[in-house]
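What follows is a single structure, written as structure tokens, with notes after it.
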Amino acid sequence: MLVYKRDGRAVEYDRSKIVAAIQAANNEVEEKERISEERIDNIIHFIESKKRSRILVEDIQDIIEQKLMDEKKFVLAKTYIIYRYTRALVRKANTTDESILSLIRNSNKDVMEENSNKNAVCASTQRDLIAGEVSKDLTRRLLLPEKISKAHDEGILHFHDADYFVQPIFNCCLINIGDMLDNGTVMNGKLIESPKSFQVACTIVTQIIAAVASSQYGGQSVDIRHLGKYLRKSYNKYLNNYKTIFKDELSDEAIDKIAKARLQDELRGGVQTIQYQINTLMTTNGQSPFVTLFLNLDKDDEYIEENAMIIEEILRQRLEGIKNEKGVFVTPAFPKLVYVLDEHNCLQGGKYDYITELAVACSAKRLYPDYISAKKMRETYEGNVFSPMGCRSFLSPWKDENDNYKFEGRFNQGVVSINLPQIGIIANGNETVFWDLLEERLELCFEAIMCRHRALKGTTSDVSPVHWQYGAIARLDKGEKIDKYLYGHYSSISLGYIGLYEVTKLMTGVSHTDPKGTEFAVKLMKCLREHVNKWREKTNIGFALYGTPAESLCYRFARIDKERFGTIKDVTDKGYYTNSYHVDVREKIDAFSKFAFESQFQAISSGGCISYVEIPNMRNNLGAIEDIVKYMYDNILYAEFNTKSDYCHVCGFDGEIIINDDNEWECPNCGNKDHAKMNVTRRTCGYLGENFWNVGKTKEIKQRVLHV
């Protein structure tokens, strides 16, 4: 049995510690008030009879107190309670020593593997992780109400990003990059004026991205359409220069051709600057900036032709990839790309279909971009098309004092997610119990979310000048409070949810794709949305319902519930819960039906929603991908592609990993044979069934493979 301490650490169950604690209380009372060793053994046997694989240390202590009361040892029980209180005071002094030392020793796997974008061995990254451990400890012990901390530990809810909660910083945002480029900004006390060329604009954008990432903990998004103006400035500069130089030697047509050729060089160089700067800059949290580029060709944009050129170049360079230290082209983690499908580029004869065709080729090889349907988005967000924040959450429509919609320069205050399957497990099919318990836990989530909001109240603009004083979010005076941006729905704050499929299965006996299950699932989603709306009206804060893409949380909730409730078919037996409203990966459903089904939940979960479909052998399936992209435009708001592919983590090779003569996996590029350092799938016959285990002939190692 594992015992989970208050700081989240798991230790082996040790009965001698229980004996020592009770005996310590025993020694403090008169002999007639003491409990015998036999009765102590009975208490221990009762704890062990529960046969829990996981138990909180507080639950053990609660049992001891109750058993002492049952034995009518009231004085002893009081003494034990005082003993617990005294120990709690000692704990409040420090609980981070071991977790921090284990980080330095590179043995704290939970923290080191929590964020795949961070190299936890590097000193700069370790500084951030160490600070995160201190923040989590202070958050759990001092900053959050005890019931919220306990609810987080028990998997009732998840208090996201506790490793940054000790600081008054927010989650994610849409940078007001247009304002910062047009009106200038300040970084490190130095004035950055409006650029006069595309190349310089690209450099400034990357510097802004790095500065913003260092003062928030979530993702950020940048709308590329603001760069079109500067590409035209560069063209005009070249054209005027060459007209002056060659006015008596070349025709206007020839001069224009030279200017455009030079512009192409600057276009390539500028986009390359963005790509390489983002992937080589290190922020103060020890990783590359978590940034999304929004690729939208707005028909009303006067610079649409320039922006078409920029988007095309971004996709071409992403298709090529970036060379790693071995000189192999690999897919960079950032920037993430979101591409908008509209009337003129939805593969139905539009002017810019050629760019979408390039996007499809890029998806097939590099998995990005994600896709947004302008048509479906306008239906949901009052006719607007705008970028998700870096964490894939959406803002609600908001108008300024001039009655103009505004999305850039807004942000998300934070997220708390609810564990829906756990409610279904406890309710055991009883709908009365389910809805009552849901109501109770939503109120707990509301309290937790308000803790996030209150942590930002009173923050002054000085905590992050790039955000609050120099245009990323606002242009406040030094020392001015940010409070006005926390209210009036200007910013959002999110309720996330995990496991709609599992809770529907528990309560109805069928998947939420079954008509009976769909009725329950839609009712539940509308209930969540109604609570969010109620909280919004109650507080004047922009509450949002968010289908969080936090894959690690799917595993955390499932692990906690399996340890507490055991193995439950189609629920805890899988090792994960299905993300948000998604169809379970094991269900046999085609891409079109999946998107058609999931789209009904996106309109309800408007604070954040993304659907995905897995396509086998994407590089040889361009036709299928194009068909799905065409379907996306008319049927789903936000979607992405996924696939299973071979990948070597040693050299970055993403071709096909071979099986050598010794029946071992081997990277044909670098010769790596360490299976733990490669992802391997097989598509010899197109098999799409379950994985199975195959034991190698020459080494007693288990290799996870698909049908060969």
If Thr578 satisfies every condition in (1) open to solvent by 60 Å² or more (accessible area, probe 1.4 Å); (2) among the polar types (S, T, N, Q); (3) in contact with an Asp or Glu (Cβ under 9 Å, 6 or more places away or on another chain) but one, which is the exception?
(1)
When the range 49-75 is examined, which residues are found to be open to solvent by 90 Å² or more (accessible area, probe 1.4 Å) and closer than 17 Å to Arg15 by Cβ?
Lys50, Lys51
Do we have Asn533 as polar (S, T, N, Q), open to solvent by less than 60 Å² (accessible area, probe 1.4 Å) and in contact with a Ser or Thr (Cβ under 8 Å, 6 or more places away or on another chain) here?
no
Could you tell me which residue of the range 422-451 is surrounded by the most Cβ atoms within 10 Å (Cβ to Cβ), considering only residues that are among the aliphatic types (A, V, I, L, M) and either without any contact (Cβ under 8 Å) to a residue 60 or more places away in the chain or part of a loop (DSSP other than H, G, I, E, B) (or both)?
Leu437
Is it the case, given these coordinates, that Lys257 is open to solvent by 80 Å² or more (accessible area, probe 1.4 Å) and under 47 Å from the mean Cα position of the chain (by Cα)?
yes
Residue list for the range 375-389, restricted to those being out of contact with any Phe, Trp or Tyr (no Cβ under 6 Å at 6 or more places or on another chain), assigned to a loop (DSSP other than H, G, I, E, B) and touching a residue at least 24 places away in the same chain (Cβ under 8 Å):
Tyr381, Val385, Met389
Expected output for the range 541-563 (first residue in contact (Cβ under 8 Å) with a residue 24 or more places away in the chain, partner assigned to a helix (DSSP H, G or I) and of a type in the set (A, V, I, L, M), Cβ below 7 Å, 6+ apart or cross-chain) is Phe543/Val532; Ala544/Val532; Leu545/Leu528; Leu545/Val532; Asp561/Ile425
Provide a single number: the residues in the range 194-231 that are over 25 Å from Gly414 (Cα atoms) and among the small types (Gly, Ala, Ser).
4
Elements of type strands (runs of 3 or more DSSP E) contained in the range 171-260, each with 1 or more residues being polar (S, T, N, Q):
185-187, 220-223
Applying the selection to the range 125-147, what residues are more than 21 Å from the chain's Cα centre (by Cα) and closer than 26 Å to Cys445 by Cα?
Val134, Asp137, Leu138, Arg140, Arg141, Leu142, Leu143, Leu144, Pro145, Glu146, Lys147
When residues of the range 491-512 are limited to those that are assigned to a loop (DSSP other than H, G, I, E, B) and open to solvent by 10 Å² or more (accessible area, probe 1.4 Å), the one farthest from Asp584 (Cα to Cα)
Gly509
Here is a check on your reading of the model: is Ser605 farther than 26 Å from Gly155 by Cβ and open to solvent by less than 60 Å² (accessible area, probe 1.4 Å)?
no
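This table checks each residue for (1) of a type in the set (Phe, Trp, Tyr); (2) touching a residue at least 24 places away in the same chain (Cβ under 8 Å); (3) more than 23 Å from Asn307 (Cβ to Cβ); (4) surrounded by fewer than 21 Cβ atoms within 10 Å (Cβ to Cβ).
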site	(1), (2), (3), (4)
Glu325	no, no, yes, yes
Val330	no, yes, yes, yes
His344	no, yes, no, yes
Ala361	no, yes, no, yes
Ala364	no, yes, yes, no
Tyr368	yes, yes, no, no
Ser373	no, yes, no, no
Within the range 268-290, which residues are modelled with pLDDT of 95 or more and β-branched (Val, Ile, Thr)?
Val271, Thr273, Ile274
Just to verify a result, which residue in the range 407-421, among those that are of a type in the set (Gly, Ala, Ser) and in a strand (DSSP E or B), is surrounded by the most Cβ atoms within 10 Å (Cβ to Cβ)?
Gly414
For the range 293-333, enumerate the residues that are farther than 22 Å from Lys351 by Cα and assigned to a loop (DSSP other than H, G, I, E, B).
Gly321, Asn324, Glu325, Lys326, Gly327, Val328, Thr331, Pro332, Ala333
For the range 581-595, which residues satisfy the criterion of being among the aliphatic types (A, V, I, L, M) and exposed (fewer than 15 other Cβ atoms within 10 Å of the Cβ)?
Val585
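The values are calculated or read from the model by the stated rules, or taken from the named source; none is laboratory data. The model shown is predicted, which means the values in this text are computed figures rather than measured ones. Cβ atoms come from the backbone with ideal geometry, glycine included; neighbour counts cover every protein chain shown. Note: accessible area is taken over every heavy atom of the protein model, side chains too, but ligands, DNA and RNA are not part of it. Shrake-Rupley method; radii C 1.70, N 1.55, O 1.52, S 1.80 Å.
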